[in-house]
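The values are calculated or read from the model by the stated rules, or taken from the named source; none is laboratory data. Here the structure is a predicted model, which means the values were calculated and not measured. A quick note on method: Cβ atoms are made from the backbone with ideal geometry, for glycine too, and the neighbour counts reach across all protein chains shown.
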Amino acid sequence: MNLLKNILRSLPFSALLLASSCTDDIVMEVPEGQKRPVVEAYLTDEVKQHETILSYSSEFYSNDREMITGAEVYAVGAGDTIYYYEQLDNPGHYLTDSVAGRKSHTYHLEVTVEDNTLYSSALRMNSDTYMPNNARCIDSVGLLPLLNDEGIPFVDEEAAVCVCPYFQTLSNADIVYNVELYLNGKRFKNRPSKLFQLFQMQGYAGYYFNGPEMLNNNIPIPVGIMNKSYLHEGDVVKVKLYSISKDYLYFLIGQKLAIGVNPAMGAYPAITTNIFSNCFAIGWFATTSMIEGEGIYHESVFDVE
């Protein structure tokens with residue numbers, strides 16, 4: 001069986017939704033859940049400002065989110081204390097100084113909100129998260145034609161540019177990558193790249209990724225696919241592979257399956273959380289380590305003889 005087929009089956013696609021047209025809007029009466037604090041906290045091993053977003057869950061059909069202001073937010077780990085400071089021009093968004101976490105360490109997040117709209121007492125939220133290990137680096141990135149005779153669902157084979165990194169993987173089969181593609185320095189979010197956003201290494205751990213011993217019939221394995229219509233000779237494509245935990249993977253899948261216009265809605269679905277609190281808070285404290293590499297797009301690679 002083709003390796004690309006196997007990869008697509010291993011990707012955590014949660015559902016394939018077929019949309020049909022209808023003439024009338026249907027609005028369901030959905031019982032609202034309890035209003036809860038929502039924590040979206042991030043820390044990576046990149047030297048940059050890291051963000052925590054604090055808000056309250058909203059009503060089912062609402063796009064509005066009430067932000068939580070005036071909180072004290074900090075993370076402790078690897079012998080360091082990292083403080084988050086609220087942006088005055090963006091309430092509820094808390095940024096660190098330019099710092100970097102350290103992979104293979106556990107971090108403890110603390111959030112305290114003295115003045116809040118839920119209780120007369122302070123909201124206290126915390127989380128402990130281990131920052132996963134990652135490969136040392138990406139050696140190179142190939143931008144190659146699709147060499148798969150059986151095709152890939154939702155992909156125009158003639159316009160497909162496969163983004164294929166080359167690197168020595170770790171032996172840990174539990175590693176999951178959250179994949180980000182950048183085109184000339186700007187985040188690339190167009191389909192079909194989203195199909196590969198969450199990439200599991202199970203079955204490929206310990207190999208040199210896209211090395212000769214890993215390939216079947218010389219077919220390279222992409223971590224993303226871009227459409228040629230977006231690319232021009234000499235364009236730079238960057239790959240960032242964020243090593244995430246399987247628990248965080250399930251949280252991301254749950255968010256994608258959330259029904260409603262706001263994933264932090266009041267009628268919150270069965271989404272996991274790693275936030276402990278005295279106020280039924282939900283959300284996730286994500287710590288991830290990252291490797292990156294770049295490739296140059298050359299139209300000559302795609303010339304048909």
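Just one of (1) more than 26 Å from HIS232 (Cβ to Cβ); (2) part of a loop (DSSP other than H, G, I, E, B) fails for ASN190. It is (1).
GLU158 fulfils the conditions (1) surrounded by fewer than 16 Cβ atoms within 10 Å (Cβ to Cβ); (2) outside any strand (DSSP E or B); (3) assigned by TED's automatic domain parsing to the domain that holds THR273; (4) of a type in the set (D, E, K, R) except for a single criterion, (3). The residue that is nearest to SER229 (Cα to Cα), counting only those in region 161-176 that are outside any strand (DSSP E or B) and not polar (S, T, N, Q), is ILE175.
Quickly run through region 166-224 and pick out the residues that are of a type in the set (A, V, I, L, M) and more than 15 Å from LEU143 (Cα to Cα). Listed by number, the residues that qualify are LEU170, ALA173, ILE175, VAL176, VAL179, LEU195, LEU198, MET201, ALA205, MET214, LEU215.
Somewhere in region 104-112, is a residue within 21 Å of the chain's Cα centre (by Cα) and not in a strand (DSSP E or B)? Please lay out each step first, then the result.
Initially, region 104-112 is screened for residues within 21 Å of the chain's Cα centre (by Cα), giving 104-109.
Now drop any that are not not in a strand (DSSP E or B), which leaves 104-105.
The answer is yes, given that some residue of region 104-112 is within 21 Å of the chain's Cα centre (by Cα) and not in a strand (DSSP E or B).
If only residues of region 161-179 that are farther than 14 Å from LEU249 by Cα and aromatic (Phe, Trp, Tyr) are counted, the one that is surrounded by the fewest Cβ atoms within 10 Å (Cβ to Cβ) is TYR166. When ASN134 is tested against (1) more than 27 Å from HIS232 (Cβ to Cβ); (2) surrounded by fewer than 19 Cβ atoms within 10 Å (Cβ to Cβ), exactly one condition is not met: (2). If I ask for residues that are without any contact (Cβ under 8 Å) to a residue 40 or more places away in the chain and either assigned by TED's automatic domain parsing to the domain that holds PHE251 or under 19 Å from PHE302 (Cβ atoms) (or both), which ones from region 161-191 would you list? None - no residue of region 161-191 is without any contact (Cβ under 8 Å) to a residue 40 or more places away in the chain and either assigned by TED's automatic domain parsing to the domain that holds PHE251 or under 19 Å from PHE302 (Cβ atoms) (or both), so the list stays empty. Among the residues of this structure, VAL47 does not count as one that is outside the structural domain of GLY283 (by TED's automatic domain parsing) and among the β-branched types (Val, Ile, Thr).
Within the span defined as region 44-66, every residue fails to be modelled with pLDDT of 95 or more and aromatic (Phe, Trp, Tyr). Between VAL179, VAL141, the distinction of being within 14 Å of LYS240 (Cβ to Cβ), in contact with a Leu (Cβ under 7 Å, 6 or more places away or on another chain) and in a strand (DSSP E or B) belongs to VAL179 only.
In region 113-135, which residue that is assigned to a loop (DSSP other than H, G, I, E, B) and within 20 Å of the chain's Cα centre (by Cα) is nearest to SER277 (Cα to Cα)?
Going residue by residue through region 113-135, those that are assigned to a loop (DSSP other than H, G, I, E, B) are 114-122, 131-135.
Okay, now just the ones that are also within 20 Å of the chain's Cα centre (by Cα), so 131-135.
Working: MET131: 21, PRO132: 24, ASN133: 28, ASN134: 30, ALA135: 34 Å.
Among those residues, the one meeting the criterion is MET131.
Would region 71-94 turn up any residue that is surrounded by fewer than 18 Cβ atoms within 10 Å (Cβ to Cβ), touching a Leu at 6+ places or on another chain (Cβ under 7 Å), in contact (Cβ under 8 Å) with a residue 60 or more places away in the chain and not in a strand (DSSP E or B)? Taking every residue of region 71-94 in turn, none turns out to be surrounded by fewer than 18 Cβ atoms within 10 Å (Cβ to Cβ), touching a Leu at 6+ places or on another chain (Cβ under 7 Å), in contact (Cβ under 8 Å) with a residue 60 or more places away in the chain and not in a strand (DSSP E or B). Within region 203-249, the set of residues being among the aromatic types (Phe, Trp, Tyr) and surrounded by 15 or more Cβ atoms within 10 Å (Cβ to Cβ) comprises TYR204, TYR207, PHE209, TYR230, TYR242, TYR248. Determine whether region 96-111 contains at least one residue that is hydrophobic (A, V, I, L, M, F, W, C), in contact (Cβ under 8 Å) with a residue 60 or more places away in the chain and closer than 22 Å to LEU241 by Cα. So far as region 96-111 goes, no, none of its residues is hydrophobic (A, V, I, L, M, F, W, C), in contact (Cβ under 8 Å) with a residue 60 or more places away in the chain and closer than 22 Å to LEU241 by Cα.
Evaluating THR106 against the criteria (1) at pLDDT 95 or above; (2) touching a Gly at 6+ places or on another chain (Cβ under 8 Å); (3) of a type in the set (Val, Ile, Thr); (4) crowded, with 18+ Cβ neighbours inside 10 Å leaves one unmet condition, (4).
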